[in-house]
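Trainee: First, the structure itself, so that you have it in front of you.
FYI, it's all coordinate maths here, none of it is from the lab. Please read these numbers as outputs of a predicted model, since none were measured by experiment. Here the Cβ is made from the backbone with ideal geometry for all residues, glycine too, and neighbour counts use every protein chain on show.
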Amino acid sequence: QVQLVESGGGLVQPGGSLRLSCAASRSIFSTYTMAWYRQAPGEQRELVALITYGGNRHYGNFVKGRFTISRDNANNTMYLQMNSLKPEDTAVYYCKASYRDTVLWGQGTQVTVSS
């Protein structure tokens, strides 16, 4: 069973930056579609960014050029670079991997944007 482990969350001031990482326990990035989701308290989980095995990227409308998703296949790691963070970006951020009928989730990492 492949495991996904997120890291990089924390407390940051508005306008600041964070880089989240998602490490897989074995090589899956060459075939899996990878994505970041987030869930704020009382809200539904929503897509932040997605990158296909072919390298195509898609972002949630709220990103507006502030975040960048990338991956390092050789190191089985995906990243989310988040800039110009806003208080409304506060949420638990989850890593997701999907391929055909297989869907994997990480345990999540908390991002808090506050002064």
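Trainee: How far, in nm, would the chain grow between residue 83 and residue 107 when pulled straight, counting 0.36 nm per residue and subtracting the alpha carbon separation?
Mentor: That pair, residue 83 and residue 107, stretches by 6.4 nm at full extension.
Trainee: Can you tell me, using C-alpha contacts under 8 Å and at least 6 residues apart, the relative contact order of the range 1-86 as a whole percent?
Mentor: 33
Trainee: So if I place +1 on the C-beta of Lys and Arg and -1 on the C-beta of Asp and Glu, and nothing else carries charge, what would the dipole magnitude of the range 60-115 be about its Cα centre? I want it in debye, nearest 20. Mind dumping the intermediate values first?
Mentor: Values: 6 positive and 4 negative charges, 25 e Å.
Value, rounded to 20: 120 debye.
Trainee: Separate question: With springs only between Cα atoms under 10 Å apart, run a GNM on the chain and tell me which of 77, 102, 31 wobbles the most.
Mentor: Looking only at 77, 102, 31, the biggest GNM fluctuation is shown by 102.
Trainee: Grab the other residues whose beta carbon is less than 13 angstrom from that of residue 105, score K and R as +1, D and E as -1, and report the net.
Mentor: In short, +2.
Trainee: Distances longer than 18 Å among the Cα atoms of the range 9-62: what percent of all pairs is that?
Mentor: Looking at the range 9-62, the distances longer than 18 Å represent 48 percent of pairs.
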